[in-house]
Structure formats: structure tokens, C-alpha cells
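The values are calculated or read from the model by the stated rules, or taken from the named source; none is laboratory data. Given the structure is predicted, the values throughout are model-derived calculations rather than measurements. No Cβ is skipped: glycine too gets one built from the backbone with ideal geometry, and neighbour counts run over all protein chains shown. Accessible surface areas use protein heavy atoms only, side chains included; no ligands, DNA or RNA. Shrake-Rupley method; radii C 1.70, N 1.55, O 1.52, S 1.80 Å.
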Amino acid sequence: MSSDEPRTRIGFGVSGPLGQRWFSERKLEALIGQALDGGVVHFDTGAFYSGAEARLGAALKAYGRAGIFISTKTGTRREGRRLVKDFSETAIRADVAESLRRLDRDCLDLLYLHGPTSDEMDAARPVLAALKREGKIAAIGVCGEGAPLIRAIETGFDAVMAVYNVIDRRYEATFATAKRNGLMTVAIAPLAQGLFDPKFFMPSTPSDIWRLSRAAFRRRYRRREIDAFRSALADLGRLDPADAALGFVLANSDIDIVMTTTTKPRHLAQSLAAARKPPDPAAYAALKSLSLDPDGGGA
């Protein structure tokens, strides 16, 4: 399998429904192949996403594609149906060993601490440094919120991953600072978990129901913010909501990778196509002017 597509800033996250047994491995392998053909070289996953790591490893091995960058995570683990935090040396080493096995790799390109406190980050540094020296991980990052992202920049981590989209810009300044300091910057939830899709509240597949239930549980976005975004799009008169939302994040040069995920080939194709389009300055300015995030743009 080969592709003439240039590399894209779009990354593909193998998480959520993609790691569940009720989602077909054959369909996931096809999605990963589509991503590869679209120029995706950056994949993200995690051991606590059920079978996601092993599935990603198997699919990439099947395609035999070289030069693929994979990030995964430690610090969150499953105990039965519960997710628990554990940033101990024993837990981190066990996670790394299992991730290497599942992904069929000798070294992890990037290992994120998933949702740590600043104290947990500091306590984990010795084992992370040791794993780097041992050649088991190449880079370390933090996936989280608030003060730990700043702590990552200040203490020599290699990457930060955080939510960023048109209605949640809390970490805009954090991404800018990280970029100036040479860290890799990765934005997640660029489409606000699909809430910009007018059909989001009309689920038709098990994956749709999964996303809707997750959104209801987290209550991250308010309906008035979504409606304001759609109203702004109506004023522009020509843009698809998903294209506009993704284009807004891609227009931010402080963000290296825009991490997306989907169970639907047409949505992946749309995201890959949006990444190939030049920025629309008028649309970006109109969306930038929206004051939807009550927490402001900093962190």
C-alpha cells in the first residue's frame, strides 16, 4: 500500500469506539489505511482505550508503512470498569512494556502522562528519564489541563496535548508558549467531539450513541455556544460546520498536530480534505471574534 499524498498536520486518534470489541477490527484497519493514504503519519492511542493499542499495532503491521509516529499514554489504567490514576515507577514501566508489546515496537515515539498533577509529573521524571536512557521512549509529554501544561513547558517535557477548538480556547496562550519553547503542540477535540454536526443529537449508530453519551456526561460545551457558532457560519453563508471548525484550528500556526478521530470514512475524508485547503482569512477572523469561551484564552 503506497500513497503520493504529502504529509498532513492531521493526526488520527485510535480511542473511544475504535478500541471497543463491538467496533469491527476490519473497519478500523480500513480507516487506518485511509488515513495513511491521506498523508497521516501521526497516530495517538492509549492502553486504557480497551483494545486500541493492539488494534493500531496490528493494522500498521499489516500495511507495513515506515516512518509512522505513534504516541501513547501512561498514568490512567483500567481496574474492572473503573479508571484509576497511577504514576508510580512500577505502573509506568509496566505500561511502557505492554505498549511496546501491543504496538510491536522497540521504542515509543512519545509517551504522555495522562492527566497528571504537577506533583505527579515531578515524581515521574526519574523513571521517564531512565526509560529515555534505556531507549524505550524517545520523547515525553503531558496530556491534560491547567497548571500541569505550564509545568511541562517549564521543566523540559517534549510535548503538550490539550483541547483546542473554536468554542474552547483556554490553552491558546499555552500552545503559543510551548511552541516558542520548542515543544511539540497537539490539539485534541478540534470538532468538539462532533457537536458542530447538526445531526449530532440524532444518533444512528452505536458509535454516535457513544459520543452523545460521553458529551452528556462531560457537559464540556453549552448549547448556546454551539448555536452561536452555527449562527456565525450562517452569516458567512458558505462553509460546512466541520470544515470551518477544523480550519479554525489548522489556521493556528502554534499547533503542530490537529488530532482527530472518527468511525466514519466520510468524516475522515472530509477532515483530510479540509487540511489541504488554504486558510480562509475571512472565516478565521469571523470565528476568532466570537466570545464563546467564558474562561478566556489563557491557561
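Scanning the range 10-25 for residues that are open to solvent by 80 Å² or more (accessible area, probe 1.4 Å), assigned to a loop (DSSP other than H, G, I, E, B) and either under 19 Å from Leu103 (Cβ atoms) or charged (D, E, K, R) (or both) gives a single hit, Arg21. Note on the range 78-116: residues that are touching a helix residue (DSSP H, G or I) at 6+ places or on another chain (Cβ under 9 Å) and crowded, with 19+ Cβ neighbours inside 10 Å total 10.
Among the residues of the range 101-120, those identified as part of a helix (DSSP H, G or I), over 20 Å from the mean Cα position of the chain (by Cα) and in contact (Cβ under 8 Å) with a residue 12 or more places away in the chain are Ser118, Glu120. When Gln34 is tested against (1) crowded, with 20+ Cβ neighbours inside 10 Å; (2) at pLDDT 95 or above, exactly one condition is not met: (1).
Condition check ((1) farther than 23 Å from Val96 by Cβ; (2) free of Cβ contacts under 8 Å to residues at least 40 places away in the same chain; (3) out of contact with any strand residue (DSSP E or B) (no Cβ under 9 Å at 6 or more places or on another chain)) across all residues:
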{"residue": "Lys27", "(1), (2), (3)": "yes, no, yes"}
{"residue": "Ala35", "(1), (2), (3)": "yes, no, no"}
{"residue": "Gly38", "(1), (2), (3)": "yes, no, no"}
{"residue": "His42", "(1), (2), (3)": "no, no, no"}
{"residue": "Ala47", "(1), (2), (3)": "no, no, no"}
{"residue": "Ala54", "(1), (2), (3)": "no, no, yes"}
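Taken residue by residue, the range 126-133 has no member that is of a type outside the set (Asp, Glu) and part of a strand (DSSP E or B). Put simply, of Asp168, Asp158, Asp86 the only residue that is within 26 Å of Gly67 (Cβ to Cβ) and not basic (Lys, Arg) is Asp158. Scanning the range 68-100 for residues that are among the hydroxyl-bearing types (Ser, Thr, Tyr) and in a loop (DSSP other than H, G, I, E, B) gives a single hit, Ser88.
Looking for something polar (S, T, N, Q) and touching a Ser or Thr at 6+ places or on another chain (Cβ under 6 Å) - is there at least one such residue anywhere in the range 107-122? No, that holds for no residue. Among the residues of the range 64-77, the ones that are in contact with a Leu (Cβ under 6 Å, 6 or more places away or on another chain) and either acidic (Asp, Glu) or surrounded by fewer than 16 Cβ atoms within 10 Å (Cβ to Cβ) (or both) come to 0 in all.
Of the residues that make up the range 190-205, is at least one at pLDDT 80 or above and surrounded by 17 or more Cβ atoms within 10 Å (Cβ to Cβ)? There is at least one residue in the range 190-205 that is at pLDDT 80 or above and surrounded by 17 or more Cβ atoms within 10 Å (Cβ to Cβ).
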